[in-house]
Amino acid sequence: MDEMMQTEGSDNGVYEVGFLLVPEITEEKLPEAFGNLKDAIVSSGAVAISEDFPKLMTLAYTMEKTLNNKIERFKEGYFGWIKFELSQDRVKGLEAMLRLREDVIRFLLVSTVRENTIASKRGFGVRRRSKDELKEKGDAPEMSKEEIDREIEALVVDDKVAA
């Protein structure tokens with residue numbers, strides 16, 4: 001049995017790698033390319049926790065990578081990520097392996113936590129109250145459009161006088 005499997009959690013960390021794959025990979029070959037990358041990460045001793053299948057996206061700027069002694073420029077790529085657990089002493093080897101892969105334009109390897117850290121679309125701690133709730137609390141007095149305009153005009157005039 002592998003030594004890493006026996007030392008549960010003692011020197012293991014949770015990591016996430018975000019990556020861009022070259023756009024020359026066809027849609028039909030993308031599952032195979034992603035599977036090969038994931039297999040390479042797992043073969044380095046990692047235990048996969050979660051992942052997001054790569055999706056083609058336009059890049060914010062042109063990225064360059066030297067392939068076969070030639071600088072290739074990319075304006076789009078397949079972005080995906082994999083979260084995994086790995087022994088801390090094997091991280092440098094994983095980084096070296098990712099750097100040498102010709103199908104990876106760029107990657108970012110970060111230390112993270114096991115829990116799901118994807119932010120929801122709704123803001124944290126933001127709860128919108130309905131008009132009925134506002135009326136009950138007395139926070140929102142009913143005002144006509146004309147009353148609102150008069151209040152705004154009064155504030156603007158007061159501001160000009162103060163200045």
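Selection of first residues in region 27-48 that are loosely packed, with under 13 Cβ neighbours inside 10 Å and of second residues that are polar (S, T, N, Q) and assigned to a loop (DSSP other than H, G, I, E, B), restricted to Cβ pairs under 9 Å at least 6 apart or on distinct chains, gives an empty result. When every residue of region 89-103 is checked against the conditions, none turns out to be part of a strand (DSSP E or B) and in the same structural domain as VAL47 (by TED's automatic domain parsing).
Look at (1) closer than 30 Å to ASP11 by Cα; (2) surrounded by fewer than 15 Cβ atoms within 10 Å (Cβ to Cβ); (3) over 20 Å from the mean Cα position of the chain (by Cα) and you find that ARG90 fails only one, number (2). Residue count for region 35-69, restricted to those that are closer than 15 Å to VAL104 by Cβ, basic (Lys, Arg) and part of a strand (DSSP E or B): 1.
The values are calculated or read from the model by the stated rules, or taken from the named source; none is laboratory data. Note that the coordinates shown come from a computational prediction; the quantities given were computed from them, not determined experimentally. Every residue, glycine among them, receives a Cβ derived from its backbone with ideal geometry; neighbour counts consider all protein chains shown.
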